[in-house]
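**Student:** Can you keep this structure in mind? I'll have questions shortly.
The values are calculated or read from the model by the stated rules, or taken from the named source; none is laboratory data. Everything numeric here is computed off the predicted structure, so don't read it as measured data. Neighbour counts run over all protein chains shown; Cβ positions are idealised from the backbone, glycine included. In case anyone asks, the SASA skips ligands and DNA or RNA and just uses the protein heavy atoms, side chains included. Shrake-Rupley method; radii C 1.70, N 1.55, O 1.52, S 1.80 Å.
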Amino acid sequence: YLNGGWCKRTQQIRSFPDGFLFGAATAAYQIEGGWYEDGKGLSIWDIATHTVPSPIKDGSTGDVSADSYHLYKRDVELMKELGIDFYRFSVSWSRILPNGFADKINQPGLDYYNNLINEMLDNNITPFVTIYHWDLPYNLQKLGGWTNPLIVEWFRDYAKILFDRFGDRVKFWMTINEPKQICYEGYGSDLKAPFLNATGIAEYICAKNILLAHAKVYHLYDESYRKIQNGTIGISLSCTWYEPASDTSDDHQAAVDARQFDWGQYAHPIFSNAGDFPAEVKQNIALKSAEQSFPKSRLPEMSAAEVALIRGSSDFFGINSYTTKLTYRDASLEGMYPVPSYMDDMGAVMIKDPSWTQAQSTWLQEVPWGFYKLLVEVRNLYDNPPVYITENGWSTAGGLLDEGRISYYRSYLTALLDALDEGCDVKAYTAWSLIDNFEWKNGYTEKFGLYEVDFSSPELTRRPRKSAHIYKEIIRSRQLNL
Ligand code: BG6
């Protein structure tokens, strides 16, 4: 582990601290199916997957997927079998509010989540609810979605219903899953719905609105619900580790810029003492905007009141982390990007190292020392916030004998234990995913599940992979046997 300077400890058996929590995660569109049932409205993913030609690799949809809308009791059996402490799932906004607005509540939608939550509690599994995991009601997208500042109120109204209806039993809330993927991949490029591709503009408008929407919901909970419901609420950011490709100061700066654009853009306003967007992001975008004759920076400004509203608006730092990329500066690429451009603003090139173990997903490699460095960096930058690892996982092409996933979980959990030894305040770990599901752009061509779902069987049979047995033993013993 010379690479990255991470030195893996050599003890054979290592224990997780008392109170450390283990879980597994899914998201509504990826597992539920029931896309047009019982009064549910359409979401941007329903529309995207029904577009011709399909933007999805295998042309598939989440119409049925693992059918957890009907098979949720079976899913709870799996949770119990694994022995997880909590299950992180998301609520489909358009199942609760078919048009996105709070004027019309869909009772069968409430019933579904009430049943799921009650079934989990009956089996001693703690619910951890993601309020928004990418499936925006289509009706709101027609009005600009996350680029319309009114979404701050729409999101607040929706979240309030969840607190009112489920908050007596739900004590762990996540406002938004991975704002960067929503804003950059959905609005600034064509990687995810709504495939807007308004690069260099839309992702920054989205970023500000998302931060405000998150903060409003945080304060709503903090001021009106916390005392009665006693829960905890935060946000989850997708955090890749960017390692300089060489020792040059240019490559070091490229790695810093990549981190600040990728997750600092959301972490700095919430978790730093200063608040607001990070200096690197502000400077780079302002400079490029001036060169391109924009009258002012393409990054929207935050007023002092907005900075104050967002700063500190999370009880925990939720980290979804999967991989590491090598990063360098390449001046010859200037002028190669469309104008304006997020990638040009960032000024960093990210590549894979072919020597690192590769998953089925092209973007995913096993680099545990990068995970360790990320946790230490978060401790250093943001004054050691309480961290929940809210996603971490590995994709294969399928099959029950998933040695690659086992190696990945073991090496990343080892890195996590090393970070704990360094004083990082990591409180929980969540495996992505409990079951195979619809993987956004790539449909069913990649499997992340601890449990296989046989999508060709009418029963959508779930079977444990070898990794499920290993994870179960780690949870049971609260130890990693190296
Ligand atoms: C995370 C998302 O970014 O990565 C999950 O929160 C997703 O929803 C997971 O399934 C794997 O990514 P992908 O794009 O391969 O489905």
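**Student:** Looking at the range 125-157 only, could you name the residues that are in a loop (DSSP other than H, G, I, E, B) and in contact (Cβ under 8 Å) with a residue 12 or more places away in the chain? Please lay out each step first, then the result.
**Tutor:** First, pick out the residues of the range 125-157 that are in a loop (DSSP other than H, G, I, E, B): 125, 133-136, 142-144, 148-150.
Listed by number, the residues that qualify are I125, H133, W134, D135, L136, N148, P149.
**Student:** Related question: Could you figure out which of (1) within 16 Å of the ligand (Cβ to nearest atom); (2) in contact with a Phe, Trp or Tyr (Cβ under 9 Å, 6 or more places away or on another chain) isn't true of A397?
**Tutor:** (2)
**Student:** Hey, another quick one. Of the residues in the range 303-313, how many are open to solvent by 20 Å² or more (accessible area, probe 1.4 Å), under 15 Å from F271 (Cβ atoms) and assigned to a loop (DSSP other than H, G, I, E, B)?
**Tutor:** 2
Residues checked against (1) open to solvent by 30 Å² or more (accessible area, probe 1.4 Å); (2) under 21 Å from the mean Cα position of the chain (by Cα):
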position	(1), (2)
L97	no, no
N118	yes, no
D122	yes, no
P127	no, yes
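**Student:** Of (1) within 16 Å of the ligand (Cβ to nearest atom); (2) among the polar types (S, T, N, Q); (3) open to solvent by 30 Å² or more (accessible area, probe 1.4 Å); (4) over 17 Å from E185 (Cβ atoms), T362 satisfies all except one. Which?
**Tutor:** (4)
**Student:** Which count do you get for residues in the range 337-379 that are free of Cβ contacts under 8 Å to residues at least 40 places away in the same chain and basic (K, R)?
**Tutor:** The total comes to 1.
**Student:** Could you list, in sequence order, the residues of the range 158-181 that are in a helix (DSSP H, G or I) and within 16 Å of the ligand (Cβ to nearest atom)? Show your work before the answer.
**Tutor:** Taking the range 158-181 first, the residues in a helix (DSSP H, G or I) are 158-166, 179-181.
Answer for the range 158-181, where residues must be in a helix (DSSP H, G or I) and within 16 Å of the ligand (Cβ to nearest atom): P179, K180, Q181.
**Student:** Just one of the numbered conditions (1) out of contact with any Cys (no Cβ under 8 Å at 6 or more places or on another chain); (2) β-branched (V, I, T); (3) touching a residue at least 40 places away in the same chain (Cβ under 8 Å) is not true of V256; which one?
**Tutor:** (3)
**Student:** Take the residues of the range 421-468 that are of a type in the set (K, R), within 28 Å of T362 (Cβ to Cβ) and away from the ligand (no atom under 16 Å from the Cβ): which is surrounded by the fewest Cβ atoms within 10 Å (Cβ to Cβ)? Working first, answer last.
**Tutor:** First pass over the range 421-468, keeping only residues of a type in the set (K, R): 427, 441, 447, 462-463, 465-466.
Okay, now just the ones that are also within 28 Å of T362 (Cβ to Cβ), so 441, 447, 462-463, 465-466.
Next, from what is left, pick out any that are away from the ligand (no atom under 16 Å from the Cβ): 462-463, 465-466.
Working: R462: 23, R463: 13, R465: 22, K466: 15.
If we take residues in the range 421-468 being of a type in the set (K, R), within 28 Å of T362 (Cβ to Cβ) and away from the ligand (no atom under 16 Å from the Cβ), then R463 is surrounded by the fewest Cβ atoms within 10 Å (Cβ to Cβ).
**Student:** Take the conditions within 16 Å of the ligand (Cβ to nearest atom) and surrounded by 15 or more Cβ atoms within 10 Å (Cβ to Cβ) and apply them to Y471. Does it pass?
**Tutor:** Values: within 16 Å of the ligand (Cβ to nearest atom): no; surrounded by 15 or more Cβ atoms within 10 Å (Cβ to Cβ): yes.
So Y471 does not fit the description; no.
So that you can scan it fast, the table gives a plain yes or no per residue for (1) open to solvent by 70 Å² or more (accessible area, probe 1.4 Å); (2) part of a helix (DSSP H, G or I); (3) modelled with pLDDT of 95 or more:
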{"site": "D247", "(1), (2), (3)": "yes, no, yes"}
{"site": "F261", "(1), (2), (3)": "no, yes, yes"}
{"site": "A286", "(1), (2), (3)": "no, yes, yes"}
{"site": "S293", "(1), (2), (3)": "yes, no, yes"}
{"site": "S297", "(1), (2), (3)": "no, no, yes"}
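**Student:** Another question, then. Only one of these is under 30 Å from D276 (Cβ atoms), within 16 Å of the ligand (Cβ to nearest atom) and surrounded by fewer than 23 Cβ atoms within 10 Å (Cβ to Cβ): N392, N380, N384. Name it. Explain how you work it out, then say what you get.
**Tutor:** On the way: N380 fails: within 16 Å of the ligand (Cβ to nearest atom); N384 fails: within 16 Å of the ligand (Cβ to nearest atom).
Going through N392, N380, N384 in turn, the sole match is N392.
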